[in-house]
Amino acid sequence: MKAQDFRALVEQLGDLTRVQREALVEALSAKGSSAEVVALIETRFAAQPACGHCGKSEFRPWGVASGLKRYMCKACGRTFNALTGTPLAGLRLREKWLGYARSLVDGVSLRKAAAQNDIHLETSFRWRHRFLQSARSKKPGAVAGIVEADETFILKSAKGSRHIVGRAPRKRGGKGTKGGHSTDEHDAILIVRDRHAATSDTVLSDLSAATIGAHLKPIVARDAVLVTDGNSAYEAFAAETGITQIALVASHGQRVVGCYHIQNVNGYVSRFDLWRARFKGVASKYLPSYLGWRRMIECDGDRLTPRHCLAEAMS
């Protein structure tokens, strides 16, 4: 932690409640991986305590089970612990969670993560998608200023499927049978990114103006400048909403107009493709998890530690 961040942390200690102070002391004094994980879980819960079932904050202690404190909710009458209602609820081998979070930070394959943490391959697969469940839906509420939008295409993959419907199996990688890009053989991903690095993405069901506009409308600020390629879907969206649009047509040699370009979003796509290549293919149905994983890496940067990754998984 940088000295400036540490000073800011110390200054905020006086604002902690009694419960939060006790949880922090417990987290700092914890020794051993399992104790560290339990302390991290309890500390996160103490920051914003609420019932994992109904969300109410009125409850009372109800003993301890499996190393975690349990509570009885006064509103719904159900018992819960700090993991109830989170993606990590019900997972075992808690002492290995921090090690597995390290594997996520390092971006290793499922088999390497399983070997590093001495767990079964199926456990490694299940943990990956539980740990990434929150990340896949964590997107900025809005993008503003100069906003770039572009689509990228990835050949559909049925990696891991025992039965492939609609086509014959192909060798890893492979090529589409049709010329150009379409949603018949490719996963079309719309990437929207502003100059402050706020990034949103979605896997498009089709390339129609209605589908693209439906994703852009809730997140692009009305005073933004939308910079795109020559796709007419963006022009239709701008005409409907009144948002200023600048279309760069590569075929006309128009790649940059003053400060307007789509190199920011294209650079993000390039980094995503380079990072994704290490997994030797991503199944189409799990693509949103990997998109969320990459957004988390881009957003958190050096702050993405195993503890931070584990805390994000519980949000």
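Observations on the model:
- The distance between label points at Ala89 and Ala283 comes to 2.4 nm (points 7 Å beyond Cα on the Cα→Cβ vector).
- Unpaired cysteine residues in the chain (no second Cys Cβ under 4.7 Å): Cys259, Cys299, Cys309.
- Rounded to the nearest Hz, the phi-derived 3J(HN,Hα) couplings of the stretch 218-225 under the Karplus curve 6.51 cos²θ - 1.76 cosθ + 1.60 (θ = phi - 60°) are x, 10, 7, 4, 5, 9, 6, 10, where x marks glycine and proline.
- Lys, Arg +1 and Asp, Glu -1 on Cβ, resulting dipole of the chain about Cα centre, debye, nearest 20: 1440 debye
- Rounded to the nearest whole Hz, the Karplus-based 3J(HN,Hα) values (6.51 cos²θ - 1.76 cosθ + 1.60, θ = phi - 60°) of the stretch 35-52 follow the sequence 5, 4, 5, 4, 5, 5, 4, 5, 5, 4, 5, 5, 5, 8, x, 6, 5, x, with x at glycine and proline.
- FRET efficiency, 1/(1 + (r/R0)^6) with R0 30 Å, evaluated for Glu298 and Asp184 via beta carbons: 0.50
- Considering helices alone, the calculated mean residue ellipticity of the chain at 222 nm is -12000 deg cm²/dmol, with DSSP H runs of length four and up weighted by -39500 (n - 2.57) and normalised per residue.
- Which of Gly180, Leu88, Leu291, positive extreme of dipole for the chain (C-beta unit charges): Leu88
- Across the cross-link table entries Lys112/Lys159; Lys159/Lys217; Lys69/Lys112; Lys69/Lys96; Lys175/Lys217, which are compared at the Cα atoms, the separations over 27 Å belong to Lys159/Lys217; Lys69/Lys112; Lys175/Lys217.
- Computed from point charges on the beta carbon alone (+1 for Lys and Arg, -1 for Asp and Glu), the dipole magnitude for the stretch 113-227 about its Cα centre is near 520 Debye.
- For the chain, the longest principal axis of the C-alpha atoms and the axis of helix 121-131 are separated by about 90°.
- For the stretch 230-315, the set of trypsin sites (Lys or Arg not before Pro) satisfying both a DSSP loop assignment and a count of at most 14 other C-beta atoms within 10 Å is given as Arg255, Lys280.
- Net charge over other residues, Cβ less than 15 angstrom from the Cβ of Tyr100 (K, R count +1; D, E count -1): +4
Each value in this text was obtained by applying a stated rule to the coordinates, not by laboratory testing. It should be emphasised that the depicted structure is a prediction, and the values quoted were computed from it without experimental measurement. When we count neighbours, we look across all protein chains shown, and the Cβ atoms used for this are built from the backbone with ideal geometry, even at glycine.
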